[in-house]
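The values are calculated or read from the model by the stated rules, or taken from the named source; none is laboratory data. Keep in mind it's a predicted model, so treat the numbers as computed, not measured. In this analysis, Cβ positions are derived from the backbone assuming ideal geometry, glycine residues included, and neighbour counts consider all displayed protein chains. Keep in mind that these areas ignore ligands, DNA and RNA; they rest on the heavy atoms of the full protein, side chains included. Shrake-Rupley method; radii C 1.70, N 1.55, O 1.52, S 1.80 Å.
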Amino acid sequence: NVCWQDLDLLVFGESVQDKGGLEDLVRTYMKAGKAVLYMHNDWNNGAGANNLLGGMGMAVGNTGSGNWFEPTTGYSVASGRNAADSLARADQVKKLITTLDLLQQTSYSKDFAVDTTPIDGINLILSDVSGYETRGKKLFATENTDLQRLLVLWADEMRLDVAYGNAQLNRTNYPANFLRAYASDSWLAYNRTKTTTNPNGQGDYMPAVAQSLSPSTTDETITITLPQVNGITAIGRGALPAKAVQIVGTIPAGLRLSVQTSYIRARGNPLKDNNDYKRPRQPNSWSVPLYSAAATDFISPAGGPLFLNYSGATAGQKITLKIKGVIKYAHFDFSNGTPSQGELDAAMAAVQAQNYGWATFKSRSAEVQQTIATALNSFKANMPTGTLKTPKDLVANRMQGILMETNHITNGYNDMPMAAAVLTLCNTFGWACGDNMHNAPGVQHFVSWIPQCGSGCSGQPSDNDGWSLDATWGWAHELGHNTVQNWMHIVMPNGKGCTVECDNNTLSSTNMMRLYAVIGDDFSKTNTGFPALYKMIQDNRAAYPAGGEAMRADMATRLWEGDQNAMRAMYFQLAFLYTQIRQHQAQPSANSTIDFMTLLSKGGR
């Protein structure tokens, strides 16, 4: 690679390959005085582009896909901007200076919700350090990082004195205390061997007793299955607060692996949480790359379950990790069959010990992360006092067998075998019911801790405020948002009908029906409103005994502008008719009723 010395301009695009040493190579070009131009010619945010930009001292935007979803004001240059405006915009260090000035003071009056400059200064360093570490650059072994190193070390010292939940962290009454805590929670480096933790624990993220647990001291080799091409998956080992972890991966060419603690999107916000600083601002880590040739050092002030963040895999690919400095916590992995009884007993003992902050559950289609108290409630819920569900019942039978598989059967995904009646009709209609257009979505993730919205919120991961894990309405509802099919969404010309919050509940209703049929639990109550629908029909017939258009219009208004539970019951009336006409059943079964839903989903696609 010597021809660059004769070039005046080097141009790269988003698809630049992430070769080893790319960032240092680009830095070499620039130190030699060469002009380097990066053209972001795709909405993607590729690893090669990230490393190339790192060598240029730049980064793409903070949204999930780089700059693609950035607001226009985030990158535009307005016609009225002058040189002074541009210099002021580029002078990010000025905000940091404001922050550092305030951190030296023990008392002042400041509303950080109004004047965000000190917070912006904190976030500047957080973004810098995370940018280095997610690109595989060790902060304490990277040139020109003296400032960042000093601030991370300062945060290590300050963290020892922060007591989450203490009234003296109140943002309004004690802004100086608040800002120091906020900075110590933000200026973090994970790719190293030493850090500090608060001896009083990390609020509801990790109890203080976890610090007394002993990590492994010798290498352990574990095998992890990567269920899809890219994603995140729990490895069944946990990091302890301020205890060093070391990982070496056996990583085939083309596969990218990183390690992180927890997979959560909502973690509280001390700037908004009613002035109640209950937990670290960022208890979960960002991803730190793993390598085959050398060990990756990893440490977290708060600890947490370890997850692999991976891309470039083959679905079902198995990789091995050599790891030490971790613990086995309450991890229930049914993704590759039933674990040994010894593994299940150890995981159940960890749930009941309640001394590590989290439990994780894995099946073929889902992964769930719950706080340890919620996990214990998951085993207790709807059980006689003093008894617990078995892990197989909770994870294999309910989470996978009912919640996930009912959703997949109803949506016609091809990871579930087709019923004979469905296959027969697919062949009759000439439908390609088993091809790739019916592929199941990726593994669905759920977190029971803090919801992004309401009591429960859909998305990836979907989160809730501590729901016990089961195949109940709320879980099926949020999963339904992620996978709702077009046919479930019925809108009348006036905009009324079975729209959002009704359409996805068709999947919840189906889940309730199959839960009752397979396991015998009846949690549906009136959520599928057959009585309400029948009452509408009775009232409509009484009001319009002569029938005709007036009767039809009145019924349409009653149904589609009325009770959503009754709207969903209408779907099932159609399904019952299908079982009578197509399958010649006098009494519809759950399976034959769901066949109708499967056919609608496959036919719709």
### Message
Considering only region 438-460, I want to know if a residue exists there that is assigned to a helix (DSSP H, G or I), at pLDDT 95 or above, open to solvent by less than 10 Å² (accessible area, probe 1.4 Å) and not hydrophobic (A, V, I, L, M, F, W, C).
### Response
yes
### Message
For region 150-167, give me the residue count where each residue is under 30 Å from the mean Cα position of the chain (by Cα), of a type outside the set (A, V, I, L, M) and part of a helix (DSSP H, G or I).
### Response
2
### Query
Looking at region 130-142, is at least one residue of a type in the set (A, V, I, L, M, F, W, C), open to solvent by 40 Å² or more (accessible area, probe 1.4 Å), free of Cβ contacts under 8 Å to residues at least 60 places away in the same chain and not in a loop (DSSP other than H, G, I, E, B)?
yes
### Query
How about region 26-48: which of its residues are open to solvent by 70 Å² or more (accessible area, probe 1.4 Å) and not polar (S, T, N, Q)?
Met30, Lys31, Leu37, Met39, Trp43
### Task
Would you tally the residues in region 373-389 being open to solvent by 20 Å² or more (accessible area, probe 1.4 Å) and under 26 Å from the mean Cα position of the chain (by Cα)?
5
### Search result, residues across region 116-129 that are over 17 Å from Tyr190 (Cβ atoms), hydroxyl-bearing (Ser, Thr, Tyr) and assigned to a helix (DSSP H, G or I)
Thr117
### Query
(1) of a type outside the set (Asp, Glu); (2) buried (at least 19 other Cβ atoms within 10 Å of the Cβ); (3) assigned to a loop (DSSP other than H, G, I, E, B); (4) free of Cβ contacts under 8 Å to residues at least 60 places away in the same chain: which one isn't true of Pro270, the others all being true?
(4)
### Query
Does Arg89 fit the bill of being out of contact with any Pro (no Cβ under 7 Å at 6 or more places or on another chain), more than 16 Å from Trp187 (Cα to Cα) and surrounded by 12 or more Cβ atoms within 10 Å (Cβ to Cβ)?
no
### Task
Just give me the residues in region 157-167 being in contact (Cβ under 8 Å) with a residue 60 or more places away in the chain and open to solvent by less than 20 Å² (accessible area, probe 1.4 Å), in sequence order.
Arg159
#### Entry: Qualifying residue in region 529-545 (condition: open to solvent by 30 Å² or more (accessible area, probe 1.4 Å) and touching a Cys at 6+ places or on another chain (Cβ under 7 Å))
no
### Message
Can you confirm whether Arg256 is charged (D, E, K, R) and under 21 Å from Leu139 (Cα atoms)?
### Response
yes
### Query
Looking at Ala346, is it open to solvent by 10 Å² or more (accessible area, probe 1.4 Å), part of a helix (DSSP H, G or I) and touching a strand residue (DSSP E or B) at 6+ places or on another chain (Cβ under 6 Å)?
no
#### Entry: From the options Ile327, Ile323, residue that is open to solvent by 10 Å² or more (accessible area, probe 1.4 Å), touching a Lys or Arg at 6+ places or on another chain (Cβ under 9 Å) and modelled with pLDDT of 95 or more
Ile327
### Query
Pick from region 1-33 the residues that are in a loop (DSSP other than H, G, I, E, B) and closer than 28 Å to Glu70 by Cβ: which of them is modelled with the lowest pLDDT?
Lys19
#### Entry: Sole residue being of a type in the set (Gly, Ala, Ser) and open to solvent by 10 Å² or more (accessible area, probe 1.4 Å), chosen from Gly231, Gly238, Gly249
Gly231
### Message
I'd like the full set of residues that are free of Cβ contacts under 8 Å to residues at least 40 places away in the same chain, more than 24 Å from Phe140 (Cα to Cα) and either under 29 Å from the mean Cα position of the chain (by Cα) or buried (at least 23 other Cβ atoms within 10 Å of the Cβ) (or both), limited to region 168-200.
### Response
Pro199, Asn200
